[in-house]
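The values are calculated or read from the model by the stated rules, or taken from the named source; none is laboratory data. This structure is a prediction, so every number in the text was calculated from the model and none was measured. Virtual Cβ from ideal backbone geometry, glycine too; neighbours counted across all protein chains shown. Heads up: the accessible areas ignore ligands, DNA and RNA and are worked out on the full protein's heavy atoms, side chains in. Shrake-Rupley method; radii C 1.70, N 1.55, O 1.52, S 1.80 Å.
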Amino acid sequence: GEYYGTHMDDSLMNGVRTDISFTLGLSPLSDFEGGELVIEDASGERSWRLGQGDILMYPSHYLHRVNSVTKGERLAMIGWVQSLVKRPSHRELLFDLEQSLKAEFDTNGKSENFDRLTKVFHNLLREWADV
């Protein structure tokens with residue numbers, strides 16, 4: 001019957017910025033019922049049941065909760081990661097650009113477009129990385 005109500009993770013823990021949160025399932029799905037991790041983002045609410053070895057990483061600035069465990073025992077490990085890129089919107093742009101880089105390479109190999117996208121990706125990372 002335990003749960004964890006809607007909350008947002010602290011922005012700083014032990015002096016470290018928390019940009020990305022994660023939950024790692026430690027219990028097999030057959031050991032419990034309920035206990036869904038529910039995340040609220042711009043598209044609404046989505047939920048996951050994480051079994052042993054399943055990990056979900058999500059931006060720490062999202063509201064989230066864990067629904068009640070209705071049967072059995074749910075064990076999980078949680079943690080936080082500080083990104084070298086501080087702004088979530090910059091991380092999202094770099095992720096999208098990296099996916100485009102991979103698609104370009106898979107389709108055309110090391111092409112002129114691949115080189116141009118690589119240049120943009122690394123120059124943005126140089127600009128936005130907080131090191």
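Overview of values
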| read-out | value |
| --- | --- |
| Test: Val131 is touching a residue at least 12 places away in the same chain (Cβ under 8 Å), of a type outside the set (Phe, Trp, Tyr) and open to solvent by less than 80 Å² (accessible area, probe 1.4 Å) | no |
| Which numbered condition Leu24 misses (of (1) open to solvent by 100 Å² or more (accessible area, probe 1.4 Å); (2) under 20 Å from the mean Cα position of the chain (by Cα)) | (1) |
| Subset tally (residues that are touching a His at 6+ places or on another chain (Cβ under 9 Å), open to solvent by less than 40 Å² (accessible area, probe 1.4 Å) and small (Gly, Ala, Ser)) for region 1-21 | 1 |
| Top-ranked residue in region 47-71 [being outside any loop (DSSP other than H, G, I, E, B) and open to solvent by 60 Å² or more (accessible area, probe 1.4 Å); ranked as farthest from Asp9 (Cα to Cα)] | Lys71 |
| Ala42, sole failed condition from (1) among the hydrophobic types (A, V, I, L, M, F, W, C); (2) modelled with pLDDT under 95; (3) within 23 Å of Asn14 (Cα to Cα) | (3) |
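Quick grid of which residues meet (1) without any contact (Cβ under 8 Å) to a residue 60 or more places away in the chain; (2) surrounded by fewer than 12 Cβ atoms within 10 Å (Cβ to Cβ); (3) among the aromatic types (Phe, Trp, Tyr):
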residue: Gln82; (1), (2), (3): no, no, no
residue: Leu101; (1), (2), (3): yes, no, no
residue: Asn108; (1), (2), (3): yes, yes, no
residue: Phe114; (1), (2), (3): yes, no, yes
